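Asks: Here you go, one structure.
The values are calculated or read from the model by the stated rules, or taken from the named source; none is laboratory data. Computed from a predicted structure; not experimentally measured. Cβ: placed from backbone, ideal geometry, glycine included. Neighbour counts: every protein chain shown.
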Amino acid sequence: MAKEIAASQKVPRAKARARPRLWGSKKFRQRVTQVLATVLIAIGGAVILVPVFWMFSTSLKTQNTVVSLPPDFIPRQSQSVEVNGRKLYLYDVDIDGETKVLAAVKLDPEKSEFVDPNDPSQVYYTPASQARKHKMVWAHWENYVETWTFATTPFGTFMKNTTIYALVAVFGEVLTCSLVSYGFARLRAPGKNFLFMLLLGTMMLPWAVTMIPSYVLFTRYIPDILNGLLDTKIKLADTWWPLMVPKFFGSAYLIFLVRQFYMGIPKDYDDAARIDGCGFFQTWARIILPMSRPVLTAVAILSFMYHWNDYGGPLIYLSSTEKLPLSVGLANFSEAYGGTPYHLMMAASLIAVAPLVIIFFALNRYFVQGVVVSGIKG
Amino acid sequence: MSFLARAWPRTKLARREALAFYLFISPWLLGFLAFTLYPMLASAYYSLTVYNVVDMKFVGIQNFQTLVADDLFYKSLWVTAKYTFVGVPLGITLALAVAVLLNQKVPFLSFWRTIYYLPSVITGVAVALLWKWVLNPQYGLLNYLIFEPLGIEGPRWFWSETWVIPAYWIMGLWGVGGTMVIYLAGLQNVPTALYEAAEIDGASAWQRFFKITIPMISPVILFTLVTNLIYTLQVFTQVYVVSDGMGGPSYASLVYVLYLFLNGFRWFRLGYASALAWVLFVIIVVLTLLMLRASRNLVYYETPGA
């Protein structure tokens, strides 16, 4: 019996030895995997970056060059010169194996006429197939100025509104989430588990369910109650209040994240603080809060990103142009401008995302950390 | 009441702690009552009324009767299902593949990770406009780079009933970095000892991936599956921006929440919109519970009893 097992174990070993030496070596296989992975990653990276580059390149073109065919990766356009009082286009012309930049007097499949723009007496004749429009790189940076100063969509105002909204929301959510999470992570009370399940359950609730009653609540009931009590004429429709106030009541997802982090802090810290005479609030403010910088930074970034891009909420509550955030202003831009000026739309989009992208590259480390916190503990 | 008496702590210290707990969570609790529970109940009631912001009339289950006979309701369900049930598995698979690649020892690793995550930062309107331009049938980049060299006329993407939803899949795949980073973190938590042991036992790379990697990160896969599904079923911004709030062409991109939004805020049929919202809520809850149940034997948790 024992011999049989030993014999059967020998078979695969012998096979392994019979494999070709090169592929069999672990080092070689690792090297191949690494090269393959690098190539695939680079291709994927290109797929991600090409649209961004295309966006940037489009933003520097003109209304005409945007729709020139074939699409050009670089903002280029044809040139014209004045020769003997006539406006002529410049062409790259192949003449005797040499490419010259010439002005076209007449284009003809058989015999086109070109002149040297510097010396109009020099005339060349060649079939049109030998000539291509001469294009010069020409970046229209003024597109950004035109977009920024376009009166119907004041992007400066939009950016101010979005910045205020995002900062208020970050402040409200970070503060509230930190407080609420401390309760859920540290303190014992009857009903706590039920309330925590309720908190998790609300994450499944679609925004669509609460959207309509919240709208009615904020634009009708709350102003009616306030005006009845205070004898005022408050209106909350077309104001930022309905969007900002709820941020000070926490967000289920962020509370969950911070709570998971707090669960990881040893309880000995709390006990030590308690022995030194700290109350619950002091323990939170002096011990837990200073220790939770990484998770709160991550939460702040997630919240900032969300509110910078938020579209649905502002779309419902806001209507006057001077109150709109970047997201809605950007979406309205092409209609306000008339037609689809893709070069300006791309310039506007880049203006709208630039602050986020700058923050992203500056705080890159924390971004990934935030996702890690959010993903794994879930 | 006797339940409360039993549950309420006896010692003074424990009572103080319970009080502190309710004080700490009071912002969330008040917010929950005012901005979640009340709207939920109100929405349930609205769904039984005809309501146009000014006048409200109780009509019982009439909205739901209208709903089961509403062609656009079925259309929007079908469009959303097509977008979600293909888009989410596609996204999750690609995210996992990219994460596995970025978990190898390749040069400029942190640079690549940054690049892959970048599109998740600039979500929303700007991305919608960008893809509307990239997928422009005539002047757009994608058709020029891929279909032009093949000599085929490229799809009309957002302007075609057949291709509009695939266009949104592509748009979603571009932002796959968000899910990818979660997997990357999951992969880094798998103990290397498992791989070393498997290698000594002669397991191939495929075997190691399917027998170690997948089971070890199965909780993360479940998490991303559930959250992405809930999120994707509620897709709105991209479609609203790209289709100018119409869900065109011929309602081929009329996703569910867009149809709901149009009912509520364009046609002021708030009651009907609330009925639609509740149907969506039920769908999300049922799907989530189904997935959690189905995954019970498929997901591996390291800590016993978790």
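Asks: Among the residues of the range A:191-226, how many are part of a loop (DSSP other than H, G, I, E, B) and crowded, with 17+ Cβ neighbours inside 10 Å?
Replies: As a first pass, look at the range A:191-226 and keep what is part of a loop (DSSP other than H, G, I, E, B): A:191, A:203-206.
In the following step, the residues that additionally are crowded, with 17+ Cβ neighbours inside 10 Å were identified as A:205-206.
Qualifying residue count for the region: 2.
Asks: Name the one entry in A:183, A:191, A:250 that is touching a Cys at 6+ places or on another chain (Cβ under 7 Å) and not charged (D, E, K, R). Steps first, answer last, please.
Replies: Numbers: A:183 fails: touching a Cys at 6+ places or on another chain (Cβ under 7 Å); A:191 fails: touching a Cys at 6+ places or on another chain (Cβ under 7 Å).
It is A:250.
Asks: Here is a list: B:271, B:186, B:264, B:178. Which entry is more than 25 Å from the chain's Cα centre (by Cα), at the interface with chain A (Cβ under 10 Å from one of its Cβ atoms) and crowded, with 19+ Cβ neighbours inside 10 Å? Even if it seems obvious, please write down each step before you answer.
Replies: Working: B:186 fails: more than 25 Å from the chain's Cα centre (by Cα); B:264 fails: more than 25 Å from the chain's Cα centre (by Cα); B:178 fails: more than 25 Å from the chain's Cα centre (by Cα).
Step by step, each of B:271, B:186, B:264, B:178 is checked, and only B:271 is more than 25 Å from the chain's Cα centre (by Cα), at the interface with chain A (Cβ under 10 Å from one of its Cβ atoms) and crowded, with 19+ Cβ neighbours inside 10 Å.
Asks: What number of residues within the range B:194-253 satisfy the criterion of being within 11 Å of another protein chain (Cβ to nearest Cβ), under 20 Å from residue B:104 (Cβ atoms) and not in a helix (DSSP H, G or I)?
Replies: Here the count works out to 2.
Asks: Okay, moving on. Against the definition (within 19 Å of residue A:349 (Cα to Cα) and part of a helix (DSSP H, G or I)), how does residue A:172 come out, yes or no? Step through it out loud before you land on a result.
Replies: Values: within 19 Å of residue A:349 (Cα to Cα): no; part of a helix (DSSP H, G or I): yes.
Considered against the rule, which asks whether it is within 19 Å of residue A:349 (Cα to Cα) and part of a helix (DSSP H, G or I), residue A:172 comes out as no.
Asks: Conditions: (1) in contact with a Cys (Cβ under 9 Å, 6 or more places away or on another chain); (2) assigned to a loop (DSSP other than H, G, I, E, B); (3) among the β-branched types (Val, Ile, Thr). Residue A:340 meets all but one. Number of the miss?
Replies: So residue A:340 meets the others, but not (1).
Asks: Hey, another quick one. Of all residues in the range B:114-127 being touching a residue at least 60 places away in the same chain (Cβ under 8 Å) and surrounded by 23 or more Cβ atoms within 10 Å (Cβ to Cβ), which is farthest from residue B:160 (Cα to Cα)?
Replies: Across the range B:114-127, the extreme among qualifying residues is B:116.
Asks: Collect the residues in the range A:278-324 that are more than 22 Å from residue A:181 (Cα to Cα), more than 10 Å from every other protein chain (Cβ to nearest Cβ) and not in a helix (DSSP H, G or I), keeping them in residue-number order. Break it down into steps so the answer makes sense when it comes.
Replies: Filtering the range A:278-324 down to residues more than 22 Å from residue A:181 (Cα to Cα) leaves A:308-324.
Still in the list and also more than 10 Å from every other protein chain (Cβ to nearest Cβ): A:313-314, A:317-324.
Those that are more than 22 Å from residue A:181 (Cα to Cα), more than 10 Å from every other protein chain (Cβ to nearest Cβ) and not in a helix (DSSP H, G or I): A:318, A:319, A:320, A:324.
Asks: Filter the range B:173-186 for residues that are under 23 Å from residue A:46 (Cβ atoms) and of a type outside the set (Gly, Ala, Ser) and give the result.
Replies: At the first step, the residues of the range B:173-186 found to be under 23 Å from residue A:46 (Cβ atoms) are B:173-181, B:183-184.
B:173, B:174, B:176, B:179, B:180, B:181, B:183, B:184, listed by residue number.
Asks: Specify the residue that is nearest to residue B:52 (Cα to Cα); the eligible residues are those in the range B:283-301 that are more than 10 Å from chain A (Cβ to nearest Cβ) and without any contact (Cβ under 8 Å) to a residue 60 or more places away in the chain. Explain how you work it out, then say what you get.
Replies: In the first step, residues of the range B:283-301 are kept if they are more than 10 Å from chain A (Cβ to nearest Cβ); the result is B:286, B:290-301.
So of that shortlist, the ones also without any contact (Cβ under 8 Å) to a residue 60 or more places away in the chain come out as B:286, B:290, B:293-294, B:296-297.
Values: B:286: 30, B:290: 36, B:293: 40, B:294: 42, B:296: 45, B:297: 48 Å.
Across the range B:283-301, the extreme among qualifying residues is B:286.
Asks: Which residues, taken from the range A:347-378, are modelled with pLDDT of 90 or more and facing another protein chain (nearest Cβ under 7 Å)?
Replies: Residues satisfying the conditions are A:349, A:352, A:353, A:356, A:357.
Asks: Same structure again: So which helices (runs of 4 or more DSSP H) stay within the range B:25-143 end to end and still have 2 or more residues that are over 22 Å from residue B:284 (Cβ atoms), among the β-branched types (Val, Ile, Thr) and within 7 Å of another protein chain (Cβ to nearest Cβ)?
Replies: Numbers: elements: B:26-32, B:38-46, B:62-68, B:71-102, B:109-121, B:125-134.
Where helices (runs of 4 or more DSSP H) fall fully within the range B:25-143 and carry at least 2 residues being over 22 Å from residue B:284 (Cβ atoms), among the β-branched types (Val, Ile, Thr) and within 7 Å of another protein chain (Cβ to nearest Cβ), they are B:109-121, B:125-134.
Asks: Within the range A:221-236, which residues are of a type outside the set (S, T, N, Q) and touching a Leu at 6+ places or on another chain (Cβ under 9 Å)? It would help to see each step written out before you state the result.
Replies: Taking the range A:221-236 and keeping what is of a type outside the set (S, T, N, Q), we get A:221-226, A:228-231, A:233-236.
Scanning the range A:221-236 gives A:222, A:223, A:226, A:234, A:236.
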